[in-house]
Amino acid sequence: MKQAFFRYYLYTILLGIIGTLAMMETSCTPDDTEIDPDFRLAFSHDTISFDTVFVTFGSTTFTEFVVYNNSNQDITISSIRLGMGDDSPYRINADGISGSRIENIEVWANDSVHVFVEVTVDPNDQNTPFIVEDSILFETNDIIQDVQLVSWGQNAHFFGPGTPNGITVGVTGDTIWTNDLPYVIFDGVIIDSLKTLTILPGTQIHMHNNAIMLVKGSLNVIGGQDTMSKVVFQGTRREQKYQDVSGQWGAILMQRGSINNTIDNAIIQNGFYGVLVDSLPISGTQPNLILKNSIIRNMSASGILGVASVISCSNVLVYNCKRNAFQGVFGGVYAFNHCTFANFNGTDHQESLVSIGNFVELENGDINVNATSAQFYNTIIHGSVEEEVSLGDITEGEAEFVIDFYNCLIKSEEAINRNGDNIHDCLFTSQNNKDKIFIRETNNFQLSDDSFCKDAGLAPEQILDPLILVETSDILGVPRDENPDMGCFEFVGE
């Protein structure tokens, strides 16, 4: 009798559990009641627009496209599909499912689902950007709604391993890059020994990830003065959120033996190093690099790095580099005139803007020392770190270590002896007083009306160093007057 009662009791409990599970199963699926015929999905965007995308080169994922069910009823989206189907250059993912057509996506009452979109554009024979369109169709209760997809495709010259143009420029002779199409470089490109690559005004060079332009021969960059005719070195990501992101590519690297390099009217941005110059010329005293009328910005490491090399710069603006604006390692010979080195933008800037040392430590722990000379004329060195100049003479005077500043503004508390023989008519500041130097706009380093640097420069006829480049106008082409200003910009007023 007791066993029969126990079996009955256990059976009753099991029936209760099964009933509860059935109710839960029913409650976890969209209501089968008829959907309001006037119901419509809502979208966070009615059109998804992509920035210009290189052909064969995919976009980044668009992550803010949301589909909303604003009703009090659970619904099922019968299908989400691309208008061009499998022939579409776009790809979609909804609720974790990818494909050109996705079916039966359930959306709870007052809930939403995210849709991700990517695009890869096929090449064609057009030089100018061309439009690429499609749409995503949403079918719910026999009602079809759409979200438009719009992007611009851009053909390009592709270089690097596995590309039609390969990795080497100048195999058969000197080469000229024009501005007919952008140049996209994967992994790297080599300018061959004893060959010259000339880059003409308005040319855009896009370096992918850690790509390096390795110069064994010569690089001759001839940009124009206006913004549209500058030669620009940058990353391959063209979406707005990548416009100021550092570390997107490697560097322009000038190897030992590379000679007659000139970069004029260029913008070099968003890489790891801007320009890296390795070792003194094999013969003669001509600079490895002449750099003028150019901007280097947003670098993960240094804007300009010289390793026992000869570099001459004039009218150069370097800013927002996480390590240094200029770094000289293992000595070398360096000359700067009317340059502006600055950093105020919170880019993890912790090291000095200018760092010069006459030594290098080898892997076995040995220290090698080299003669060092650096001349700074009419240059502004100012940022958010207390010491914006770091000088490292490991021999404490035993080796040649000559660093001179003429008519410069320098932010330094201790690194420089303000009364030393190497300081000539310089201004010093220990305050983070950007407003007393530059106009009050982020990343605009033109001089303010009450700047300390106005009319404080050294006139060209007073500069006798043959390595110094003397320019009669500033980085924008504004003529310098008889009392030139410090830095790369000449004050023009309102």
Ranked highest first by the average count of other Cβ atoms within 10 Å around their residues, in what order do 381-392, 211-222 fall? 211-222, 381-392
Compute the distance in nm between two label points, each set 7 Å from the Cα along the Cα-to-Cβ direction, one at Ser78 and one at Ser229. 6.0 nm
A student applying the Cα gyration tensor rule (rounded when a/c is under 1.5; otherwise prolate if a/b is larger than b/c, oblate if not) would label the stretch 403-494 oblate
Here FRET efficiency (C-beta to C-beta, Glu386 to Ser193, R₀ 35 Å, nearest 0.05) is 0.20
Full extension from Thr56 to Arg256: what is 0.36 nm times the residue separation minus their Cα-Cα distance, to one decimal in nm? 68.5 nm
Helix 2-27 vs. the chain, principal-axis angle (Cα, 0 to 90°, nearest 10): 50 degrees
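Listed here are the pairs Lys230/Lys434; Lys411/Lys434; Lys241/Lys411; Lys241/Lys322; which of them are more than 22 Å apart at the Cα?
Lys230/Lys434; Lys241/Lys411
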Give, in nm to one decimal, the length gained when the segment between Asp244 and Gln350 is fully stretched (0.36 nm per residue of separation minus the Cα-Cα distance). 36.3 nm
Note on the chain, DSSP bridge orientation, antiparallel percent to nearest 5 equals 30 percent
When the helices in the chain are scored as -39500 (n - 2.57) per DSSP H run of 4 or longer and the sum is shared across all residues, what 222 nm value do you end up with, to the nearest 500 deg cm²/dmol? -2000 deg cm²/dmol
Expressed in angstrom and rounded, the centroid-to-centroid distance over alpha carbons for the stretch 160-224 and the stretch 119-155 is 32 Å
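Kindly state, to the nearest 0.05, the FRET efficiency for Glu413 paired with Val150, given R0 = 41 Å and r defined as their beta-carbon distance.
According to the calculation, E is roughly 0.15.
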Charge dipole (debye, nearest 20) of the stretch 197-256; +1 at Cβ of Lys and Arg, -1 at Cβ of Asp and Glu: 180 debye
Pop the C-beta distance of Ser100 and Thr178 into the FRET formula with R0 = 30 Å and round what comes out to the nearest 0.05. 0.20
Row for the chain, column shape: gyration tensor on C-alpha, a ≥ b ≥ c, rounded if a/c < 1.5 i.e. under 1.5, prolate if a/b over b/c, else oblate; value prolate
So how do 360-372, 263-275 stack up, highest first, on mean other-Cβ count within 10 Å? 263-275, 360-372
Potential lengthening between His424 and Asn124 on full extension [0.36 nm per residue; Cα-Cα distance subtracted]: 102.0 nm
If you take the charge dipole of the chain about its Cα centre, with +1 on Lys and Arg Cβ and -1 on Asp and Glu Cβ, which of Asn315, Phe401, Ser258 is farthest toward its positive end? Ser258
Could you tell me whether the stretch 326-380 comes out rounded, prolate or oblate from its Cα gyration tensor? Rule is a ≥ b ≥ c as square roots of the eigenvalues, rounded for a/c under 1.5, then prolate if a/b exceeds b/c, otherwise oblate. oblate
Given Cβ point charges of +1 (Lys, Arg) and -1 (Asp, Glu) and nothing else, what value in debye, to the nearest 20, does the dipole of the stretch 134-247 about its Cα centre take? 640 debye
Give, rounded to the nearest 20 debye, the magnitude of the charge dipole that the stretch 217-343 has about its Cα centre when Lys and Arg contribute +1 at Cβ and Asp and Glu contribute -1 at Cβ. 240 debye
Please list the non-local residues whose amide H lies under 5 Å from the amide H of Ile463, H modeled 1.01 Å from N, same-chain partners needing a gap of 5 or more. none
Antiparallel DSSP bridges in the stretch 42-153: what percent, to the nearest 5? 90 percent
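Read-outs throughout are calculated quantities, based only on the coordinates presented, and are distinct from any laboratory measurement. Just so we're clear, the structure is a prediction, and the values are computed from it rather than from any experiment. Please note: Cβ atoms are built from the backbone with ideal geometry, for glycine as well, and neighbour counts cover all protein chains shown.
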